[in-house]
Structures are given as C-alpha cells and as structure tokens.
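Since every read-out is calculated from the coordinates, none of them should be taken as a lab result. Bear in mind that the values here come from a model prediction, so they are computed numbers and not experimental data. Counting neighbours? That spans all protein chains shown, and the Cβs are built from the backbone with ideal geometry, glycine included.
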Amino acid sequence: MNASLGPLGESGRVVIIGGGPGGVACALALHELSKKMGREINIIIIEGKQFLNEHHYNQCVGILSPPLPALLEDHLGIPFPHHLSRSEIKGYILHTSKEQVFVADEEETSIALRRVHFDAYMFEMVKQKGIRVIPARAVDLDFHADSVVVYTENVPVECDLVVGAFGMDEGTASIFTRQTGYHPPKALSSVVTKFHPGLEIMSDYGHHIHAFLPEHPRIEFGGVSPKGDHLTINIAGRRVDSALMQAFLRSPTVSSVLPDLSIAGQLDPRDMLFFKGRFPCSLAKRYYGDRYVIIGDAAGLVRAFKGKGVTSAVQTGIRAAETILQRGCSRQAFHHHYRKANHDLIQDMPYGRVMRFMTILMSRYRLLDPGIRAAKKNARLQAALFGAISAHAPYRQVLSQALHPSAILEVLKALF
C-alpha cells in the first residue's frame, strides 16, 4: 500500500463536504482524536448553506434520542444542547384505520427540537474549535496519487483525503459518481409541514408522537409530532407528494388528532407549507476508496425503514475519523475498519427490509388492525412496535419479538 495512504500524520489535510451532523461530527472527532494523539492536522468543512437565522428548512422531523447525547459529550467534546429542547417525547400512539395502541419505554425518552437550530448549534461548535469553514458548494474533484483537489465555488482546496457528508444532495452525489464510481442509495421520499395551533392548545396536546400506518398504498407511514409551539406532520413512501399529504391530512384517523382549525384561529403564515425531501433505504455502492470515504445518509448508513438519521450520521462520522487517524485513508483501510465499525447498521438492513415488506403486505391485506388489537394484549408485540417506530432497537430484535409464537398466536386470535 502507498505509504501516503496510511494513518493521517502531522500536517495531514482533510476536506469534509457537508456541514450537517455527520460532517460536523467527523470534523470534531478528527479534532479531538488528533489532539489526544499529539498530531496537528488541518480540517476544512465545505458547506454552502447558512445555518444561522433559519435561511433553510430541514425536512428532518427533529426527534433526537439516546445514544446521541453520549456521542456528543464523550466522543466530540461538546455538550448536548438540552437548551434547544421544544418538548420531551415520552411515547408513541400507533394508529391504523380502526385501531390504536400506546407504546413506550420509560428508560428511552427522546427530545424534540428544530433541526435547523441543532445544525446551527453544531456548526457553532466547529467554529469555536477553530476548524476552518469555506461557505461554498463543492463543484468537482480531482484524485491524484498523492492528493485530492476539491474545487468549490470559492477556492480550490488540496488535501490528503475527502469525506463526503452531503446527505441526499444529488449534485454532490453526481460528482462522486463521476470520479469514483460511487452509486447513491435507494431512497424514499417524504413531505413535511407544520401547524401552529396556539400555545394553549399545544400545552394540552401531550408528549406523544402519533404514528400512522395508512392503508393508502403509496404512504408507508406518517406522523404528527409535538414540537413545543407547533406540530410537525410528515409522510413517507416511494413517491409521496403534496396531493398525498393533503389526502393524509383529510383522513379521519389523522384529522382526529389534529386541533380544529376553527378553534385554533387563523393559520400562521408559516403553516401548511409543504417541503419535500428524501431519505435512504439501502446501502450505497462504492462509498469508500483510496482517499475518500462517505458517511451518513449519503452512504445509506442509517437504520433501515425508520432512519434515526442524526444519530447514525454522527456515529459514522466518528467511525470514519477513527479509521482515518488510526488505520489510514486507503480503500483497504476503510474496507477492513470503517465498514467493520458500521457492522451494526449494515447487518440490520436486511431485517429492516423484511420489516418494511411485512408492514406493506399487512397494510395491503388489511391485517394491521388485528395486529394492533393483538399488541394490546401481548407485551412482546408492544415492545416490537415501540422498537420499530422509535428505531431504538435493532430490527433483528424487533422481528424476533414480532414472530415469537405467543405473538403470532395473539394475532391469529385477533383475526376472528
């Protein structure tokens, strides 16, 4: 192996394309770990968005849960921003067309916040550490035997390796595809909106997320999440759009948990504006190689079916940093160490796909209602539903609970 592809040494140079949670986590992890190792390295983040003053909307619902606080504090050297919390999420109410069940884990509460505020906080932590930020978009890459040149709208930057933390941005993905053979993950689309019904109504709304498994074949799941002064409403599926969001909002099951507009008063100007995005549902191809590694959503390294994208973005950013500093920046180093470090995410993907297929199949054959009735009587099914909705448990564990003989028997009883 080329010696220059070994562990990043003194005065090594890393460019990270993307300033979201994954890119920032990678930068902070490189900064913290290099200090412990006694190395001075140069880290640059390239990010064209402005995170301050809410200049952009992030389609992420913004529900953050363990182990994210520990990852920030133990690996990145920054406090978790509890001050940004809009509300504490204490459980989920899962709805089908005719049934509903409450599921929770008293030891696993989550925090609801505005993702744009979280991104701004993380970006500020980067600046406080003295990490350089170039406010521009990357427009191309050149790979050489001993370096990489990253071209931006501002200035070209030469480095030893480049980290792709660009989420589902198709423009940046096309650059890596053209230069490395990278192929982005398959994705589901999502539509997100929000509703401000007034502080009095929100104070009585509760601390539970309403999750929906609609019978509509193109909507795989939806949610209504309390976020302090407003509700965030989202749907996801292969080809969801604004018309499907309208249909979702009008459905009796969903409208029953939304405050009445006639009570809430006039809509806030920020309300019912639809934003569309995508999130991965498979692993990307060639997401690492000599002098490059891709993390988070762009690599498809998320919890299959449900996401939990912020946590996995931070985890994969940390794992990439450890590989770069301890093992090297060659394809071999990333294959044997970065990929292995992400085994927990990768090995769970087939189970997530099975779970998704089973949910779609049960919806198509109207078996979700009996499943919910059975869960009300079976603790294993309740635990499986909570693990699936919250993404707190691996899908291997979720399927094991759902397919336990006692759980299957309860579902069969609920059918008749």
Residues whose built amide H sits under 5 Å from the amide H of Lys194, excluding neighbours closer than 5 in sequence, are Ile233, Met272, Leu273
Given +1 on the Cβ of Lys and Arg, -1 on the Cβ of Asp and Glu, and no further charges, what dipole in debye does the chain carry about its Cα centre, rounded to the nearest 20? 1260 debye
Sort Phe386, Phe275, Phe416, Phe80 by Cβ crowding within 10 Å, fewest neighbours at the top. Phe416, Phe275, Phe80, Phe386
Taking a ≥ b ≥ c as the square roots of the Cα gyration tensor eigenvalues, with a/c under 1.5 meaning rounded and otherwise prolate when a/b beats b/c, else oblate, which class fits region 187-279? prolate
Please compute the net charge surrounding Arg239, taking Lys and Arg as +1 and Asp and Glu as -1 over other residues with Cβ under 14 Å from its Cβ. +3
Using alpha-carbon pairs under 8 Å, 6+ residues apart, how would you state the relative contact order of region 365-415 in percent? 45 percent
Of Ala136, Leu161, Val126, which is farthest on the positive side of the dipole of region 122-173, counting Cα position, with +1 on Lys and Arg Cβ, -1 on Asp and Glu Cβ, and the Cα centre as origin? Val126
Listing Thr172, Thr177 from the residue with the fewest other Cβ atoms within 10 Å to the one with the most, what is the order? Thr177, Thr172
Prolate/oblate/rounded call for the chain, Cα gyration tensor, a/c under 1.5 rounded: prolate
Rounded, prolate or oblate: pick one for region 365-415, where a ≥ b ≥ c are the square roots of the eigenvalues of its C-alpha gyration tensor, a/c under 1.5 means rounded, and failing that, prolate if a/b is larger than b/c, else oblate. prolate
Net charge around Gln401, counting only other residues with Cβ within less than 14 Å of its Cβ (Lys, Arg = +1; Asp, Glu = -1)? 0
³J(HN,Hα) across region 18-33 via Karplus (A = 6.51, B = -1.76, C = 1.60, θ = phi - 60°), whole Hz, x for Gly/Pro? x, x, x, x, x, x, 5, 4, 5, 5, 5, 5, 4, 4, 5, 5
Select from Ile44, Phe279, Ile360 the residue farthest towards the positive end of the dipole of the chain; place +1 on Cβ of Lys and Arg, -1 on Cβ of Asp and Glu, and compute about the Cα centre. Ile360
Would you order Cys26, Cys281, Cys60 from fewest to most other beta-carbon atoms within 10 Å of each residue's own beta-carbon? Cys281, Cys60, Cys26
Sequence-distant residues sharing a close amide H with Phe166 (under 5 Å, placed H): Ile295, Ala298
Members of Lys49/Lys276; Lys129/Lys194; Lys340/Lys376; Lys90/Lys285; Lys90/Lys376 lying beyond 28 Å, as alpha-carbon distances in this model show: Lys129/Lys194; Lys340/Lys376; Lys90/Lys285
Considering only the chain, percent of DSSP beta bridges that pair antiparallel, nearest 5: 70 percent
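So if I place +1 on the C-beta of Lys and Arg and -1 on the C-beta of Asp and Glu, and nothing else carries charge, what would the dipole magnitude of region 365-415 be about its Cα centre? I want it in debye, nearest 20.
80 debye
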Helix-derived [θ] at 222 nm for the chain: sum -39500 (n - 2.57) over DSSP H runs of at least 4, divide by residue count, nearest 500? -10000 deg cm²/dmol
